[in-house]
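The values are calculated or read from the model by the stated rules, or taken from the named source; none is laboratory data. Just so it is clear, the structure is predicted and the values come from calculations on it, not from any experiment. Because the Cβ atoms are built from the backbone with ideal geometry, glycine has one as well, and the counts that use them run over all protein chains shown. To get the accessible areas, we keep the full protein, side chains included, count just its heavy atoms, and leave off ligands, DNA and RNA. Shrake-Rupley method; radii C 1.70, N 1.55, O 1.52, S 1.80 Å.
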Amino acid sequence: MANKKYNFKPNAFVVVIFVIIALFAVVYLLNKSLPDNNLNLTTKSMTDRNTYSFIDDDTVMGNPKAPILIVEFGDFMCKFCGEVHREIEPLWRKEYIETGKVRYVFRDFISVDHPQAFPAAEASECAGAQGKQWQMYDMLFDNAYKNDTWAKIEDKERLLNVFKKYGKETWLNMEQFSSCMSNNYFGSEIQKDINAGIVAGVSGTPTIFIGNDKTGFVKIVGSQPYAVYKQVIDEKLNAG
């Protein structure tokens, strides 16, 4: 029996369906290939938020009356927060904080996956009670994953000894510092920070809010290039 030859000629509708499927596949693969650093920038001003909703009695870096406020919700074990601290913060300290244009507040938003971050936050708060929060803050970020690598110390006693070492290096009253740490004096304050972050819509760290009551706040999520922060700060300053 002779073999029959069949010529398949797809109609236009079938061709369109295949093209649409192919396009969706391309878009999906492109999205999968993009680096996922949990970065996002919300450029719309948050007019439903005000300064009072972001800070309470937190320690302020810079001029307390500076027109623009930066509030960072962070975690001392968060590697993206460490990037901001090492690469971005020195620039905005020099350009805006030291010149009196901007004030900065750090609030704790601790991941459940970072058990060492809670006592680290307590160390920062206890140092703050003696006027040395920013010195302790710098040491915690600078040593989390290098030098002392306290973020990898699971033994509570060893971890506490590292924080006491930082306390001595910042000339704290060690009796007061040790008592503050042992009694979890600032545990409720840290929980207030976490609750405030949840109310503000924070779901990851770092989440940074920049603005004031007059112009609203811009929310920036993740470790962004300095130009992103600078653009927002300058726009807020120019807006009055």
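Hey, among the residues in region 205-215 that are modelled with pLDDT of 95 or more and assigned to a loop (DSSP other than H, G, I, E, B), which one's least open to solvent (accessible area, probe 1.4 Å)?
Filtering region 205-215 for residues that are modelled with pLDDT of 95 or more and assigned to a loop (DSSP other than H, G, I, E, B), the one least open to solvent (accessible area, probe 1.4 Å) comes out as 206.
When region 47-76 is examined, which residues are found to be over 14 Å from residue 106 (Cα atoms), touching a residue at least 60 places away in the same chain (Cβ under 8 Å) and among the hydrophobic types (A, V, I, L, M, F, W, C)?
Within region 47-76, 68 is the sole residue that qualifies.
Output the residue which, of all residues in region 179-189 that are within 20 Å of residue 110 (Cα to Cα) and among the small types (Gly, Ala, Ser), is surrounded by the fewest Cβ atoms within 10 Å (Cβ to Cβ).
Filtering region 179-189 for residues that are within 20 Å of residue 110 (Cα to Cα) and among the small types (Gly, Ala, Ser), the one surrounded by the fewest Cβ atoms within 10 Å (Cβ to Cβ) comes out as 188.
Pick out the one residue from 192, 219, 132 that is open to solvent by 10 Å² or more (accessible area, probe 1.4 Å), among the basic types (Lys, Arg), in contact (Cβ under 8 Å) with a residue 40 or more places away in the chain and closer than 30 Å to residue 238 by Cα.
Every option except 219 fails the conditions.
Residues to consider are 49, 107; find the one that is within 15 Å of residue 208 (Cα to Cα) and modelled with pLDDT under 95.
When all the criteria are applied, what remains is 49.
Is there a residue in region 167-178 that is of a type in the set (A, V, I, L, M, F, W, C), more than 20 Å from residue 81 (Cα to Cα) and open to solvent by 90 Å² or more (accessible area, probe 1.4 Å)?
yes
Can you spot a residue in region 158-168 that is of a type in the set (Val, Ile, Thr) and either out of contact with any Phe, Trp or Tyr (no Cβ under 8 Å at 6 or more places or on another chain) or part of a loop (DSSP other than H, G, I, E, B) (or both)?
No, the conditions are met nowhere in region 158-168.
Looking at 153, 233, which is the one that is open to solvent by less than 20 Å² (accessible area, probe 1.4 Å), farther than 18 Å from residue 106 by Cβ, at pLDDT 95 or above and β-branched (Val, Ile, Thr)?
Checking each option against the conditions leaves just 153.
What is the residue count in region 62-109 for residues that are farther than 17 Å from residue 206 by Cα and of a type in the set (Val, Ile, Thr)?
Counting residues in region 62-109 that are farther than 17 Å from residue 206 by Cα and of a type in the set (Val, Ile, Thr) gives 4.
Being closer than 17 Å to residue 89 by Cβ and either in contact with a strand residue (DSSP E or B) (Cβ under 7 Å, 6 or more places away or on another chain) or touching a residue at least 12 places away in the same chain (Cβ under 8 Å) (or both) is the filter here; which residues of region 226-240 pass it?
Hits for region 226-240 are 226, 228, 229, 230, 232, 233.
What's the number of the only condition in (1) over 12 Å from residue 76 (Cβ atoms); (2) buried (at least 16 other Cβ atoms within 10 Å of the Cβ) that residue 110 fails to meet?
(1)
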